[in-house]
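Enquirer: Below: one structure in structure tokens.
The values are calculated or read from the model by the stated rules, or taken from the named source; none is laboratory data. Just so it is clear, the model here is predicted, and its values are computed rather than measured. Here the Cβ positions follow ideal geometry from the backbone for every residue, glycine too, while neighbour counts run over all protein chains shown.
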Amino acid sequence: MQEIYNAIQTAAIKIDYAIKHEDKGYSDNQNSTGDIQLKLDIHCDEIIESIFSSITTVKELASEEKAEPFTLHEEGRYLIGYDPLDGSSLADVNLSVGSIFGIYENDYSGANLKAAVYVVYGPRVEIVTADHEGVKLFRLEPDNTFAFIQEIRLKERGKLNAPGGTQKNWPSHHKALIESLFAEGYRLRYSGGMVPDLHQILLKGGGIFSYPGTTDVPAGKLRKVFEVFPFAFIYEQAGGEAIDGKQRLLDLKPEHIHDTTPCFFGSKEEIQKVRNSYANY
Ligand code: FDP
């Protein structure tokens, strides 16, 4: 696993450089879900693929930017589902963006996720790893190495509320839940980038991030394999919880590689509030 973490560190340094110095415009390509790809999305995907191509423990790669997974090393052990540059449309307005990696064995179900990692490209470059040893924060130093900073642990209850999705299309029980959180004193913290928004909640001790099913998109926007399962794993390892409204996210299986799900990540008390609000829906 350390070999894979090292490869992600190498990729993170190259991606950070690309974000800072390369063209942020659109390419002529569409990805499999119909989004026009940014040149940066394509280049970050190429960086990751090229770095993993020499890691023989990696059997297969599934990129958010490609329609299907593909085999790298037949004899390898791990399948890596990744989003090379999540929130990439925020790069041109100079907000933080991220890369997300889920490291799976056998298949891409939540139950088979063995470790998860994300990188935040902000004023600093930080990496968070989660595995059976817990959740750890590393920071890029001037000598291009990543220094261990701290273990990450969520409190039972936090103060932040990051509600995703178009409000006009929220179902009424979801709207009532979000309003009740604000009425209790939770503060709005939402940049529109899943990585920095979830990173903030983790580092500030707790709160809730939600991306519900909406009246126009009942299965939500965020993808199980590349975004939701890795963060569900990280939040659980940090002492929080992650559900789809009712069920634990890591008990879900994707029907196809780009499958999406409603999702809620947070400290235990906030997730219990979600369960209460969603029980009858
Ligand atoms: P983006 O489309 O910019 O890549 O992955 C999807 C994502 O960003 C997440 O990073 C973010 O949390 C979400 O979409 C934001 O969606 P909304 O604008 O619909 O809230």
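Enquirer: Looking for whichever is touching a residue at least 24 places away in the same chain (Cβ under 8 Å), within 16 Å of the ligand (Cβ to nearest atom) and surrounded by fewer than 20 Cβ atoms within 10 Å (Cβ to Cβ) here; the options are Y190, Y211. Which one fits?
Expert: Being touching a residue at least 24 places away in the same chain (Cβ under 8 Å), within 16 Å of the ligand (Cβ to nearest atom) and surrounded by fewer than 20 Cβ atoms within 10 Å (Cβ to Cβ) holds for just one of Y190, Y211, which is Y190.
Enquirer: Can you name the residue in region 214-230 that is within 10 Å of the ligand (Cβ to nearest atom) and touching a residue at least 60 places away in the same chain (Cβ under 8 Å) and is also nearest to Y108 (Cα to Cα) among such residues?
Expert: F226
Enquirer: Taking region 68-87 as the search range and keeping residues that are farther than 19 Å from K253 by Cβ and more than 18 Å from the chain's Cα centre (by Cα), which one is nearest to the ligand (Cβ to nearest atom)?
Expert: F70
Enquirer: Under 9 Å between Cβ atoms, at least 6 apart or on separate chains: pull out the pairs that start in region 1-14 with a residue that is of a type in the set (D, E) and end on any residue that is surrounded by fewer than 16 Cβ atoms within 10 Å (Cβ to Cβ).
Expert: Correct list of pairs: E3/T56.
Enquirer: Give, as residue ranges, the helices (runs of 4 or more DSSP H) completely inside region 181-279 that count at least 3 residues that are outside the structural domain of T33 (by TED's automatic domain parsing) and closer than 22 Å to Q167 by Cβ.
Expert: Hits in region 181-279: 194-203, 268-278.
Enquirer: Here's another thing I want to ask about it. Select from region 88-106 the residues that are within 13 Å of F226 (Cα to Cα) and either more than 10 Å from the chain's Cα centre (by Cα) or away from the ligand (no atom under 16 Å from the Cβ) (or both) and list them in ascending order.
Expert: I103, Y104
Enquirer: Could you list all residues from region 18-56 that are over 17 Å from R223 (Cβ atoms) and among the hydroxyl-bearing types (S, T, Y)?
Expert: Matches in region 18-56: Y26, S27, S50, S53, S54, T56.
Enquirer: Sticking with this structure for a sec: Starting from residues that are out of contact with any Asp or Glu (no Cβ under 9 Å at 6 or more places or on another chain) and closer than 19 Å to I103 by Cβ, keep the ones in region 193-208 and report whichever is nearest to the ligand (Cβ to nearest atom).
Expert: L198
Enquirer: Here are some conditions: (1) at pLDDT below 95; (2) loosely packed, with under 15 Cβ neighbours inside 10 Å; (3) of a type outside the set (S, T, Y); (4) in contact with a strand residue (DSSP E or B) (Cβ under 7 Å, 6 or more places away or on another chain). F70 meets all but one. Which one does it not meet?
Expert: Result: F70 fails condition (1) only.
Enquirer: Can I ask one more? Can you tell me which residue is farthest from the ligand (Cβ to nearest atom) among those in region 153-180 that are among the polar types (S, T, N, Q) and outside any helix (DSSP H, G or I)?
Expert: Applying the filter and picking the extreme gives N161.
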